[in-house]
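Student: Structure incoming, see below.
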Amino acid sequence: MEALHKKIREEGIVLSDQVLKVDAFLNHQIDPVLMQQIGDEFARLFADSGVSKIVTIEASGIAPAVMAGLRLGVPVIFARKHQSLTLTENLLSASVYSFTKQTETTVSVSPRHLNSSDRVLIIDDFLANGKASQALISIIKQAGATVAGIGIVIEKSFQGGRAELDAQGYHVESLARVKSLVGGQVTFVD
Ligand code: 5GP
């Protein structure tokens, strides 16, 4: 997606060979016009997947997920990282090892919002080692629902998450595929 590549080139900050900071348009300040284009692109890519719900993880997945949900005409659920007093039922939960924070957290979704007839599109901001996606897959399976696809805004193709999801047979679409961050330079997969 050219607009996203341009934004990453112009406003992304390479923090290390492994980590890209995009808090100018996705992870802190949000560019609504770009988010709308991202949502439109996800909706186009998954138009024939029979999506009935979108699931993401708070907080950075929410903006692209909502834009995709608006276009696809389906509700958006965000897995919560902290147990809320208002979430009292038995939750669908999975633990995620955070690549950027290097800590383990539990993410949860209420079973009231997912059921066995749902075809669920997973959306997330980044794909690195795939831990966040695998946690959402586990939650969707616990609900007896089906994974319709996985939509990623920025994939770091030099890490293992994409290959693992491909090997598991999931339909993965990444709007930007970063080949390397070495030397402070962002290069994309052709
Ligand atoms: P994974 O679970 O695939 O290892 O990592 C994906 C999650 O870690 C994303 O939800 C994102 O929050 C975070 N993440 C992974 N790599 C990066 C990165 O290079 N930059 C930023 N900003 N977040 C990342």
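The values are calculated or read from the model by the stated rules, or taken from the named source; none is laboratory data. Since we're looking at a predicted model, the values are computed, not measured. Glycine also receives a Cβ, built like all others from the backbone with ideal geometry; neighbour counts cover every protein chain displayed. Only protein heavy atoms, including side chains, enter the accessible area calculation; ligands, DNA and RNA are left aside. Shrake-Rupley method; radii C 1.70, N 1.55, O 1.52, S 1.80 Å.
Student: Which residues, counting only those in region 5-26, are more than 10 Å from the ligand (Cβ to nearest atom) and either within 17 Å of the chain's Cα centre (by Cα) or surrounded by 15 or more Cβ atoms within 10 Å (Cβ to Cβ) (or both)? Show your work before the answer.
Tutor: Within region 5-26, the subset more than 10 Å from the ligand (Cβ to nearest atom) is 5-11, 17, 24-25.
Once the filter is applied, which keeps residues that are more than 10 Å from the ligand (Cβ to nearest atom) and either within 17 Å of the chain's Cα centre (by Cα) or surrounded by 15 or more Cβ atoms within 10 Å (Cβ to Cβ) (or both), region 5-26 yields His5, Lys7, Ile8, Glu11, Ala24, Phe25.
Student: What are the residues in region 89-110 that are touching a residue at least 12 places away in the same chain (Cβ under 8 Å), polar (S, T, N, Q) and exposed (fewer than 10 other Cβ atoms within 10 Å of the Cβ), if any? Show your work before the answer.
Tutor: Taking region 89-110 as the starting set, the residues that turn out to be touching a residue at least 12 places away in the same chain (Cβ under 8 Å) are 89-100, 105-110.
Next cut, polar (S, T, N, Q) only: 90, 93, 95, 98, 100, 105-106, 108, 110.
Matches in region 89-110: Asn90 only.
Student: Which numbered condition in (1) crowded, with 19+ Cβ neighbours inside 10 Å; (2) more than 10 Å from the ligand (Cβ to nearest atom) is the only one that Ala128 fails?
Tutor: (2)
Student: Taking into account only those residues within region 48-58 that are assigned to a loop (DSSP other than H, G, I, E, B) and either free of Cβ contacts under 8 Å to residues at least 12 places away in the same chain or β-branched (Val, Ile, Thr) (or both), which is surrounded by the most Cβ atoms within 10 Å (Cβ to Cβ)? Write out each step before concluding.
Tutor: Narrowing region 48-58 to residues assigned to a loop (DSSP other than H, G, I, E, B): 48-52, 58.
From what is left, the residues that are either free of Cβ contacts under 8 Å to residues at least 12 places away in the same chain or β-branched (Val, Ile, Thr) (or both) are 48, 51.
Values: Asp48: 8, Val51: 22.
So the residue we want is Val51.
Student: Does Asp118 meet the test of being closer than 19 Å to Val172 by Cα, modelled with pLDDT of 95 or more, open to solvent by 70 Å² or more (accessible area, probe 1.4 Å) and away from the ligand (no atom under 11 Å from the Cβ)?
Tutor: Numbers: closer than 19 Å to Val172 by Cα: yes; modelled with pLDDT of 95 or more: yes; open to solvent by 70 Å² or more (accessible area, probe 1.4 Å): no; away from the ligand (no atom under 11 Å from the Cβ): yes.
The answer is no for Asp118.
Student: While we're looking at this one, here's another question. Of the residues Val74, Val66, which single one is modelled with pLDDT of 95 or more and open to solvent by less than 40 Å² (accessible area, probe 1.4 Å)?
Tutor: Numbers: Val66 fails: open to solvent by less than 40 Å² (accessible area, probe 1.4 Å).
None of the other options fit; the residue is Val74.
Student: Here's another thing I want to ask about it. Is it true that some residue in region 132-142 is under 18 Å from Phe42 (Cα atoms), in a strand (DSSP E or B), within 14 Å of the ligand (Cβ to nearest atom) and at pLDDT 95 or above?
Tutor: No, every residue in region 132-142 fails to be under 18 Å from Phe42 (Cα atoms), in a strand (DSSP E or B), within 14 Å of the ligand (Cβ to nearest atom) and at pLDDT 95 or above.
Student: Look at region 68-87 and say how many of its residues are closer than 19 Å to Ala132 by Cβ, without any contact (Cβ under 8 Å) to a residue 40 or more places away in the chain and assigned to a helix (DSSP H, G or I).
Tutor: The number of residues fulfilling the criteria is 1.
Student: Out of His28, His113, report the one residue that is under 24 Å from Lys156 (Cβ atoms) and out of contact with any helix residue (DSSP H, G or I) (no Cβ under 9 Å at 6 or more places or on another chain).
Tutor: Working: His113 fails: under 24 Å from Lys156 (Cβ atoms).
None of the other options fit; the residue is His28.
Student: Consider only pairs whose beta carbons are under 6 Å apart and that are at least six residues apart or on different chains; among these, list those whose first residue lies in region 23-45 and is of a type outside the set (D, E, K, R) and whose second residue is more than 16 Å from the ligand (Cβ to nearest atom) and open to solvent by 80 Å² or more (accessible area, probe 1.4 Å).
Tutor: Every condition considered, the pairs that remain are Gly39/Arg71; Ala43/Arg71.
Student: Out of region 150-166, which residues are farther than 22 Å from Val51 by Cα, touching a strand residue (DSSP E or B) at 6+ places or on another chain (Cβ under 6 Å) and within 10 Å of the ligand (Cβ to nearest atom)?
Tutor: Listed by number, the residues that qualify are Lys156, Gly161.
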